[in-house]
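All of the numbers you see were taken from the coordinates with simple rules; none came from a lab. These numbers were taken from a predicted model, which means no experiment stands behind them.
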Ligand SMILES: [Zn+2]
């Protein structure tokens with residue numbers, strides 16, 4: 001069911017390019033070719049929102065939500081486009097990111113909210129995202145990234161440079177803006193956050209946090225960086241812009257550290273195991289009570305709508321998702337129709353005692369796309385071949401798809417098969433009852449270094465750097481008795 005939504009997004013994204021009018025940009029004041037009317041922008045936000053919720057889930061937290069909405073609406077009022085129906089959401093992912101969709105939809109991940117250390121940092125990023133909306137960057141961007149998930153993966157298989165898109169997974173709607181747009185949004189963010197009373201130098205400081213996350217991540221972690229320019233340069237520029245703004249508009253700009261920290265006390269941190277987690281090359285889903293292996297060295301991305309994984313060469317991928325229909329046959333028929341598949345063979349079997357149906361298919365060329373690309377011949381190299389295992393488990397049906405090009409499929413299929421055949425019911429209580437980490441705000445009881453404070457609060461030495469990033473402090477930085485500080489525990 002999610003597949004149909006995301007594939008529709010692909011088609012919809014392509015359609016945007018055909019609509020164009022000339023209008024005055026609300027931020028720059030310049031006349032320019034604008035591809036979208038305000039009504040179209042709002043329609044895109046409305047259209048995209050359910051896919052974003054399906055792909056990431058919303059995180060419920062009344063106090064944080066109320067704070068975001070209050071600041072968001074205050075900023076909307078002083079923005080260049082106060083009349084848009086702005087909405088602010090917390091998405092349930094540990095990834096450190098924030099993003100905006102045309103029409104006034106702004107999203108913060110719980111990962112980024114955990115990493116802010118004061119209201120001013122939040123306000124700076126809020127201003128940056130609202131800036132993308134008010135400056136109509138989505139209308140102006142040349143390379144649209146409104147890929148559906150399966151579309152993204154298929155694209156990555158044919159173009160390894162897009163492999164990063166697969167790693168992003170939930171990046172299905174993370175619009176890629178140009179460097180110029182990012183710079184413009186940084187500048188707008190300085191103005192907007194200052195106008196609602198915050199010290200925009202804190203926005204610059206947050207780029208230092210981003211830089212540390214980037215430096216510490218051994219692998220290509222999907223975060224703000226993959227869609228944004230070098231955080232080091234942005235720090236210097238935003239800091240300069242903030243200083244200039246404050247020199248011209250002297251006032252008492254707020255930072256509000258303690259107020260903000262109290263808001264994030266108890267926030268879930270990192271992966272939430274109840275949505276599924278990987279440990280020792282095995283994916284476990286405590287709520288749905290199943291497990292299956294993740295081939296050694298594969299990268300993966302988990303979201304409420306699906307789990308996807310693939311080798312680093314980006315030339316194949318596997319996706320597990322709920323399948324539509326009440327029986328295996330119904331599910332197969334629905335998928336064949338939704339994905340426009342040509343079935344080559346199918347077999348009934350059982351996996352761990354669960355009824356299962358296996359079919360191999362090829363995706364037929366999309367007639368709409370063919371029209372645009374003037375009849376590209378379908379060849380084994382550019383045809384997507386899919387090995388689908390439909391497994392009936394606990395009154396639900398899951399589709400485990402293995403994707404590769406038709407030319408490469410025979411090489412890749414044995415791995416798909418071994419993963420699917422090792423699908424099992426999860427019974428281990430240690431996995432089923434796994435609790436998430438949370439951010440807790442503690443008071444420093446004795447002045448000293450940040451490291452000493454963390455150790456005194458029972459944090460392991462091995463996590464001091466990670467906790468330092470979270471607190472925007474270095475191990476040897478001084479903290480004073482009575483300071484509030486974030487720790488991570490169950
Ligand atoms: Zn941006």
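Below is a table of values for the structure above.
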quantity: 20 °C / 1.002 mPa s Stokes-Einstein diffusion coefficient of the range 273-432, Kirkwood radius on C-alpha pairs, µm²/s; calculated: 131
quantity: Stretch gain in nm, segment residue 461-residue 180, where the contour uses 0.36 nm per residue and the Cα spacing is subtracted; calculated: 97.1 nm
quantity: Translational diffusion of the range 444-489, µm² s⁻¹ [Kirkwood Rh, Cα pairs; Stokes-Einstein; 4 °C; 1.567 mPa s]; calculated: 128
quantity: Net lengthening on full extension, residue 330/residue 271 (0.36 nm per residue, minus Cα-Cα); calculated: 17.9 nm
